[in-house]
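Notes for the one structure printed next.
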Amino acid sequence: MTPEGRELRDRVLTALALALTALAAVTWLPPPLLASALAVVALMGAWEWASLNFRASQGGYVLITALLLAWIYHVSGNPLWRVALMLPAMAWWLVALGRIWLCQARRRRPAEGATMLALEGWLILIPAWMGLVWLCAEGKPWVYALLAVVWLADTAAYVVGRRYGRRRLADQISPAKSWEGAAGALVATALLAVVIGIVRGWPGSKSLIWLAVVLVTVAASMVGDLTESLSKRRAGVKDSGRCLPGHGGILDRIDSLTAAVPVYWLGLQGLRWSHGEWQW
């Protein structure tokens, strides 16, 4: 088997194992244990983020991250607190989108200090952890739908990009990604959203809002992917870590979810507000 073939085999097997583990955890773990398991993933991501940006302070960064997770878990029973905690994440991802655009337009990567990089890591990891914990507690089918959307988007972007990709999406950040792959991800997930709406028998207004939530979530997942790629470029490395065969590190695997989760969670709040509920 060629090295490329072995890498693809490892990538597929790792992705399958991670998907099955994630689905089993969401399905069977009680909320406190699930929150703890997700916190472990977030802390592993924090370790990798620190290794990319300020290696000497990895332990301290992970410890502060753990304390922040514990505090947020304690106070987030209040719905108003949840919205207040999630809004900075939305603001951050808009900033991240602007940074990606500037990097492409000016063809140089932004320079940042250690404090800003620390805040960036927390805004990437903590809201994603919060959103998943809250979604699992309020309705696990919404979590299954989110995972299906993000995984399908990644797969469609990869397949369509490999086959039809011509125009680079962000060649200064991630040369392998293409506009054709992004379009493939949006089309594939739009079809999935429509099928879900039909199967669930949702009225047209709810289905349209749901479709909008899915498409914006997929767009956000691309921003998350490119943001992590920008961080790796800044650090001069190919992968954020080596713990996942064929994928690199934890951040390489969850980069799309880190941006998708806050957008998806807030989108579902809009669905709840417009229809008085968000029953699956």
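The values are calculated or read from the model by the stated rules, or taken from the named source; none is laboratory data. Keep in mind the model is a prediction, meaning the values are calculated, not measured. A quick note on method: Cβ atoms are made from the backbone with ideal geometry, for glycine too, and the neighbour counts reach across all protein chains shown.
Tell me whether the range 143-162 contains one or more residues that are at pLDDT 90 or above and touching a Cys at 6+ places or on another chain (Cβ under 9 Å).
Scanning the range 143-162 turns up at least one residue that is at pLDDT 90 or above and touching a Cys at 6+ places or on another chain (Cβ under 9 Å).
Quick one: is Val133 out of contact with any strand residue (DSSP E or B) (no Cβ under 9 Å at 6 or more places or on another chain), of a type in the set (Val, Ile, Thr), within 15 Å of Leu69 (Cβ to Cβ) and in a helix (DSSP H, G or I)? Write out each step before concluding.
Values: out of contact with any strand residue (DSSP E or B) (no Cβ under 9 Å at 6 or more places or on another chain): yes; of a type in the set (Val, Ile, Thr): yes; within 15 Å of Leu69 (Cβ to Cβ): yes; in a helix (DSSP H, G or I): yes.
In short, yes.
Does at least one position in the range 232-240 carry a residue that is part of a loop (DSSP other than H, G, I, E, B) and buried (at least 19 other Cβ atoms within 10 Å of the Cβ)? Give the steps one after another, and end with the answer.
At the first step, the residues of the range 232-240 found to be part of a loop (DSSP other than H, G, I, E, B) are 236-240.
Applying the additional criterion that residues be buried (at least 19 other Cβ atoms within 10 Å of the Cβ) yields 240.
Yes, the range 232-240 contains at least one residue that is part of a loop (DSSP other than H, G, I, E, B) and buried (at least 19 other Cβ atoms within 10 Å of the Cβ).
Give Arg55, Arg107, Arg82 a once-over and let me know the one that is modelled with pLDDT under 90 and on the phi > 0 side of the Ramachandran plot.
Details: Arg55 fails: on the phi > 0 side of the Ramachandran plot; Arg82 fails: on the phi > 0 side of the Ramachandran plot.
Selected residue: Arg107, the only one of Arg55, Arg107, Arg82 that is modelled with pLDDT under 90 and on the phi > 0 side of the Ramachandran plot.
Restricting to the range 219-231, and then to whatever is farther than 19 Å from Ala156 by Cα and within 11 Å of the chain's Cα centre (by Cα), can you tell me which residue is surrounded by the fewest Cβ atoms within 10 Å (Cβ to Cβ)?
That would be Thr227.
Please go through the range 95-105 and pick out each residue that is surrounded by fewer than 17 Cβ atoms within 10 Å (Cβ to Cβ) and closer than 15 Å to Leu119 by Cβ. Write out each step before concluding.
Filtering the range 95-105 for residues surrounded by fewer than 17 Cβ atoms within 10 Å (Cβ to Cβ) gives 95, 98, 101-102, 104-105.
Result: Val95, single match.
When the range 30-62 is examined, which residues are found to be surrounded by fewer than 16 Cβ atoms within 10 Å (Cβ to Cβ) and either out of contact with any helix residue (DSSP H, G or I) (no Cβ under 6 Å at 6 or more places or on another chain) or among the polar types (S, T, N, Q) (or both)?
Those that are surrounded by fewer than 16 Cβ atoms within 10 Å (Cβ to Cβ) and either out of contact with any helix residue (DSSP H, G or I) (no Cβ under 6 Å at 6 or more places or on another chain) or among the polar types (S, T, N, Q) (or both): Pro30, Pro32, Leu33, Ser36, Val40, Arg55, Ala56, Ser57, Gly59, Gly60.
Would you confirm whether any residue within the range 54-74 is of a type outside the set (S, T, N, Q), under 22 Å from the mean Cα position of the chain (by Cα) and within 17 Å of Val223 (Cβ to Cβ)?
no
Looking at (1) touching a residue at least 40 places away in the same chain (Cβ under 8 Å); (2) closer than 26 Å to Arg234 by Cβ; (3) buried (at least 17 other Cβ atoms within 10 Å of the Cβ), which one does Asp171 not meet, given that it meets all the others?
(3)
What about Ala212, is it closer than 18 Å to Trp142 by Cα and either in contact (Cβ under 8 Å) with a residue 60 or more places away in the chain or surrounded by fewer than 19 Cβ atoms within 10 Å (Cβ to Cβ) (or both)? Working first, answer last.
Values: closer than 18 Å to Trp142 by Cα: yes; either in contact (Cβ under 8 Å) with a residue 60 or more places away in the chain or surrounded by fewer than 19 Cβ atoms within 10 Å (Cβ to Cβ) (or both): yes.
Answer is yes for this residue.
For (1) modelled with pLDDT under 95; (2) hydroxyl-bearing (Ser, Thr, Tyr); (3) closer than 30 Å to Ala50 by Cβ, each residue gets a yes or a no:
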| residue | (1), (2), (3) |
| --- | --- |
| Ser174 | yes, yes, yes |
| Thr217 | no, yes, yes |
| Ala220 | no, no, yes |
| Gly224 | yes, no, yes |
| Glu228 | yes, no, yes |
| Lys238 | yes, no, yes |
| Gln269 | yes, no, no |
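Among all residue pairs at least 6 apart or on different chains, which show Cβ distances below 9 Å where the first residue, located in the range 252-268, is in contact (Cβ under 8 Å) with a residue 12 or more places away in the chain and the second is of a type in the set (Asp, Glu) and not in a helix (DSSP H, G or I)?
Asp252/Asp239
Pick from Thr65, Thr115: which is among the polar types (S, T, N, Q) and more than 25 Å from Gln172 (Cα to Cα)? Steps first, answer last, please.
Working: Thr115 fails: more than 25 Å from Gln172 (Cα to Cα).
On inspection, the qualifying residue turns out to be Thr65.
Could you say whether any residue in the range 73-80 is over 18 Å from Lys232 (Cα atoms) and surrounded by 15 or more Cβ atoms within 10 Å (Cβ to Cβ)?
To start, the set of residues in the range 73-80 that are over 18 Å from Lys232 (Cα atoms) comprises 73-80.
Checking which are surrounded by 15 or more Cβ atoms within 10 Å (Cβ to Cβ) leaves us with 73, 76.
The answer is yes; a qualifying residue exists.
Would you check which residues across the range 91-107 are in contact with a helix residue (DSSP H, G or I) (Cβ under 6 Å, 6 or more places away or on another chain) and either among the acidic types (Asp, Glu) or touching a residue at least 60 places away in the same chain (Cβ under 8 Å) (or both) and list them?
Let us first name the residues in the range 91-107 that are in contact with a helix residue (DSSP H, G or I) (Cβ under 6 Å, 6 or more places away or on another chain), namely 92-93, 96-97, 100.
Those that are in contact with a helix residue (DSSP H, G or I) (Cβ under 6 Å, 6 or more places away or on another chain) and either among the acidic types (Asp, Glu) or touching a residue at least 60 places away in the same chain (Cβ under 8 Å) (or both): Trp93, Ala96, Leu97, Ile100.
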